[in-house]
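Just below is one structure, and these are the notes that go with it.
The values are calculated or read from the model by the stated rules, or taken from the named source; none is laboratory data. All values reported here derive from a predicted model rather than from experimental measurement. Note: ideal-geometry Cβ built from the backbone for every residue, glycine included; neighbour counts use all protein chains shown.
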Amino acid sequence: MALGARLELRQGQGLVITPQLQQAIKLLQLSNLELEAYVEMEMEKNPLLSREEAELEAPDRDERSAGADDGLNISEIPGQASADLDARHDDLYDASPGDMAMGDAPPSDPSYAPADVGGSVDWSRAGAGGGFDLDGEGMEGAISREKTLRDHLTDQLAILKLEGADHAIAVMLIDAVDEGGYLRLNLDELAAQLGCTLERAQGVLVHLQGFDPVGVFARDVRECLALQLRDQNRLDPAMQALLDNLDLLARRDFTSLRRICGVDDEDIRDMAAEIRGLTPRPGAAFGSDPIQAVTPDVFVREDGYGGWRIDLNSDTLPRLLVDQRYHAEVARASRTDAERNFVSDCLATANWLVKSLDQRARTILKVSTEIVRQQDAFLAFGVEHLRPLNLKTVADAIGMHESTVSRVTSNKYISTPRGLFELKFFFTSSIASSDGGEAHSAEAVRHRIKQLIDAESEGRYGSEGVLSDDRIVEILKSSGIDIARRTVAKYREALRIPSSVERKRALRIAV
């Protein structure tokens, strides 16, 4: 057979991922915050998209979520139920928080200026609330704002009155302190950056380490504890030796610590108690950046008939409409092919986005309903009854692909009577039953191990005192859970529970 290049035509079928399909897949895996940002971006690009104007009085959640059970309207995505106060915000276009709260905001027309003794009032410069220059947050905001660690340290730096290069070094060090109070900056790099000597930078650091709260500007836990002990006049050679061997203290190896520190058993107990009374994160008591609360995508609650009602959280679903009237006006006014193509593309994109959002909502509801059906025992009786579950089981039950279920459960949260959980929480591996019965969920087994170890402090095991991993395996197997010792050790370490040897040491010290 001769070898050579030739041209052939073949006909076949294949799945092509169109841009529209890519968009639908992307929307499916977005969280509610990411979805809101994406919709805002699309609205800026597409003039045919608009939000439905919500009524000022939000309906009850029962009324808002009733549509989840009856199906969703393709032309209208259920969404934000809070009041749309854009018109009022236009009236208060440049008011401070205090003016808005008291109703003393300027009128909506910026050209209007009420008479004043010195002439007109410039409303564009009145955003700081009554003339206080507080970076636009108003006097009320400045007073109510929680003081941060950096503010606290900066106030003390003003009292210290360092000058010149020392003040610049101190400012750099304050900026390098994290929320826990630790210094996250190498002094050698700082000295090289500012062109000063390492000794000068260390001298400024010594001054700053005397700031309140005691322990700030430490570079590690050992130095943080040492600063607090020095402030209490308790940093003697024995205590310094204990700080140099914190790893032994964490393992509760008091025999080695007594030999290293040169003290007796009573002294080592007192020293360990002093260490436990210190603060490993001195800066944690101060304010930090606000934490974004998690908003559930699905609500689950009892329906009163022994079942569960699953409702979409309509507050997390954008309420979008395609402005058909505006499209007709623009289409009639289009004169060139480019204009007509642009209007046509905008209409197609808007319709597809609305349908994609509708499909996303339906898919989330369908997957959540199946998860609740599979894990109804957990909702009714607790974590010990959590069943093993994987993506394939849910996908087969609802007729979808596993990758679709995986995207739906990513960054989606469900509010249940037992708390707020990510949807992925309900997917756990299975552990075989020793008596041939139904398999056990790994999460339920971890909970059972924690219960067994927590019972040690209550003295439930008599002369045994502390359960070894082998003993836990025996107890679990007697309960019908077939588990290996290394699996018990892995679950125990994941729960941050020390070994039986370390727990015995802690028990002896407590006694």
Top-ranked residue in the stretch 9-40 [being modelled with pLDDT of 85 or more and exposed (fewer than 10 other Cβ atoms within 10 Å of the Cβ); ranked as farthest from LEU353 (Cα to Cα)]:
LEU9
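Tell me which residues, restricted to the stretch 398-430, are farther than 14 Å from ARG373 by Cα, of a type in the set (A, V, I, L, M) and touching a strand residue (DSSP E or B) at 6+ places or on another chain (Cβ under 9 Å).
Across the stretch 398-430, the qualifying residue is only LEU420.
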Within the stretch 297-321, of all residues that are surrounded by fewer than 21 Cβ atoms within 10 Å (Cβ to Cβ) and among the hydrophobic types (A, V, I, L, M, F, W, C), the one modelled with the highest pLDDT is PHE299
Within the bounds of the stretch 357-379, is there any residue that is of a type in the set (Gly, Ala, Ser) and either surrounded by fewer than 18 Cβ atoms within 10 Å (Cβ to Cβ) or under 21 Å from ILE481 (Cβ atoms) (or both)?
yes
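Condition first: part of a helix (DSSP H, G or I) and either aliphatic (A, V, I, L, M) or surrounded by 15 or more Cβ atoms within 10 Å (Cβ to Cβ) (or both). Now tell me which residues in the stretch 168-190 satisfy that.
Selection gives ALA168, ILE169, ALA170, VAL171, MET172, LEU173, ILE174, LEU187, LEU190.
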Does PHE299 fit the bill of being aromatic (Phe, Trp, Tyr), over 30 Å from PHE378 (Cα atoms) and touching a residue at least 12 places away in the same chain (Cβ under 8 Å)?
no
From the list ILE449, ILE453, exactly one residue is closer than 21 Å to GLU502 by Cα, at pLDDT 80 or above, of a type in the set (A, V, I, L, M) and in contact with a Phe, Trp or Tyr (Cβ under 6 Å, 6 or more places away or on another chain). Which is it?
ILE449
For the stretch 353-397, name all the residues that are part of a loop (DSSP other than H, G, I, E, B) and either touching a strand residue (DSSP E or B) at 6+ places or on another chain (Cβ under 6 Å) or among the hydrophobic types (A, V, I, L, M, F, W, C) (or both).
LEU386, ARG387, PRO388, LEU389
In the stretch 381-420, what count of residues is obtained for those that are closer than 22 Å to ALA444 by Cβ, among the hydrophobic types (A, V, I, L, M, F, W, C) and crowded, with 18+ Cβ neighbours inside 10 Å?
6
Odd one out for GLU266, checked against (1) assigned by TED's automatic domain parsing to the domain that holds LEU153; (2) surrounded by 15 or more Cβ atoms within 10 Å (Cβ to Cβ):
(2)
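Listed here are the residues, each with its yes/no results for (1) modelled with pLDDT under 85; (2) within 30 Å of LEU312 (Cβ to Cβ).
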| position | (1), (2) |
| --- | --- |
| ARG252 | yes, no |
| ARG258 | no, no |
| SER288 | yes, no |
| ILE291 | yes, yes |
| THR295 | no, yes |
Residue list for the stretch 461-494, filter: surrounded by 12 or more Cβ atoms within 10 Å (Cβ to Cβ) and part of a loop (DSSP other than H, G, I, E, B):
TYR461, GLY465, VAL466, LEU467, SER468, SER479, GLY480, ASP482, ILE483
